[in-house]
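For reference, the structure discussed in these notes is given below.
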Amino acid sequence: MSKAASADCQVDTLLERSLTASARRYFQDLPGGGAMPPGPDVRCGEAGTVAVGTQVRFHVAVNAGVVTAARFQAYGCPHTLAVCAWLTERLVGQAALADDFARQPLVGGPHAWAREMGVPPEKLGRLLLVEDALNAALSQGGTE
């Protein structure tokens, strides 16, 4: 076996050991990853920094108070990226109210996200940054 093939097997094994099947799928596929073009209905919110190891930016398109599209850009661990990708799918169709989104059953908050995606307790601080970025995007009334 070549060194490259051996390295690929080690990475797959590490991902299999550290991520649930669902989190691994979201991390590998990253649905919702990337920026959203600016527009009159687009809001953007960001939290964290690369220096602290986690930086998240959400872009949400809102029409009549409802999220119609969501994208994200993030720097962080596989769990952080998986949760961001998972959230972009769940945000569509939800009310765009920062104070209310955690009570919406399809979205929830950091503890619910950790349970759903198998995020270890020591990484909860990263999910709080995800929440901050999402709150920042949803609380905006204007454009990026």
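The values are calculated or read from the model by the stated rules, or taken from the named source; none is laboratory data. Just so you know, these numbers come straight off a predicted model, no measurement behind them. So basically every Cβ, Gly included, is an ideal-geometry build from the backbone, and we count neighbours across all protein chains shown.
A few notes on this one:
- Residue list for segment 20-69, filter: over 15 Å from the mean Cα position of the chain (by Cα), aliphatic (A, V, I, L, M) and in a loop (DSSP other than H, G, I, E, B): ALA64
- Evaluated against (1) in contact with a Lys or Arg (Cβ under 6 Å, 6 or more places away or on another chain); (2) modelled with pLDDT under 95; (3) surrounded by 21 or more Cβ atoms within 10 Å (Cβ to Cβ); (4) not acidic (Asp, Glu), GLY32 falls short on exactly one condition, (2).
- Cross-chain or 6+ apart pairs with Cβ under 6 Å, segment 42-69 first and closer than 11 Å to ALA96 by Cα, then acidic (Asp, Glu): ALA61/ASP41; VAL62/ASP41; ASN63/ASP41
- Taken over segment 50-69, the residue count meeting the criterion of being out of contact with any Phe, Trp or Tyr (no Cβ under 8 Å at 6 or more places or on another chain) and of a type in the set (S, T, N, Q) is 2.
- Looking across ALA95, ALA74, one residue alone is more than 14 Å from ALA23 (Cα to Cα), at pLDDT 95 or above and not polar (S, T, N, Q). It is ALA74.
- Residues located in segment 44-77, provided they are surrounded by fewer than 18 Cβ atoms within 10 Å (Cβ to Cβ) and hydroxyl-bearing (Ser, Thr, Tyr): THR49, THR68, TYR75
- Residue within segment 78-87 that is surrounded by 21 or more Cβ atoms within 10 Å (Cβ to Cβ) and of a type in the set (Gly, Ala, Ser) present: yes
- Among residues that are surrounded by 16 or more Cβ atoms within 10 Å (Cβ to Cβ) and touching a Pro at 6+ places or on another chain (Cβ under 7 Å), ALA96 is not included.
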